[in-house]
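Heads up: the structure comes next, in structure tokens.
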Amino acid sequence: MKRLMKISLLAVAFLTLSINSVFAQKYGHMNSGTVLSELPETKSADTQLRTYQEQLVKKGQSMATAFEKEYTEFAELYQSGKVTPAVAQAKEAEFRKKQGELQQYEQKVMQDVGAKREELFTPILKKVQDAIDAVGKENGYTMIFDTSAIANNPIVFAADADDVTAKVKAKLGM
């Protein structure tokens, strides 16, 4: 009987400890979009990316303008009857090829801009993540939820949680 009582007391003690550890978990929330938008590195990266994209687009527009001019000039010659059918066919094939090159350039611009974005923002995102991890560990948080609209799973309710945005900003020296 005493042994059964000891086992019962141990089970109750274990259950109490388990319940207390579940309720003792500390949760926080933050808005990573705000932190990212306020970082000087983000503003610099945005400017660099915009400049890079504008350069590529400007080159594409120049290519398109040259194509349009050549096509218009040829169309005028063709309509005036100064072009043989064989030359017209050859020119048509040339224009299709140039049009395909323009489309390829457009796709390349999108890929290049995406690669540049990743190159510029990966170190910034790592810096912010490191700061979040440090705040979480230093302050004993079990989880920190991201309440920003850019989060994949935004949390719209964070009851009894601490907003750690200020602590993350402080860790980043902001």
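The values are calculated or read from the model by the stated rules, or taken from the named source; none is laboratory data. From a predicted model like this one, the values you see are computed outputs, not experimental measurements. Neighbour counts are summed over all protein chains in view; Cβ atoms, including those assigned to glycine, are modelled from backbone coordinates with ideal geometry.
Points to keep in mind about this one:
- Test for Gly100: is it surrounded by 10 or more Cβ atoms within 10 Å (Cβ to Cβ) and within 30 Å of Asp146 (Cβ to Cβ): no
- Of Thr16, Thr34, Thr47, all but one fail to be in a helix (DSSP H, G or I) and at pLDDT 95 or above; the exception is Thr47.
- Qualifying residue in region 115-135 (condition: part of a helix (DSSP H, G or I), surrounded by fewer than 12 Cβ atoms within 10 Å (Cβ to Cβ), modelled with pLDDT of 90 or more and over 22 Å from the mean Cα position of the chain (by Cα)): no
- Only one of the numbered conditions (1) within 23 Å of Lys167 (Cα to Cα); (2) touching a residue at least 24 places away in the same chain (Cβ under 8 Å) is violated by Leu120, and that is (1).
- Of all residue pairs spaced 6 or more apart or on separate chains, those with beta-carbon atoms under 8 Å, a first member in region 18-36 that is more than 9 Å from Phe145 (Cα to Cα) and a second member that is at pLDDT below 80 and acidic (Asp, Glu) are Lys26/Asp162.
- When every residue of region 144-167 is checked against the conditions, none turns out to be surrounded by 11 or more Cβ atoms within 10 Å (Cβ to Cβ), in contact with a Lys or Arg (Cβ under 8 Å, 6 or more places away or on another chain), at pLDDT 85 or above and not β-branched (Val, Ile, Thr).
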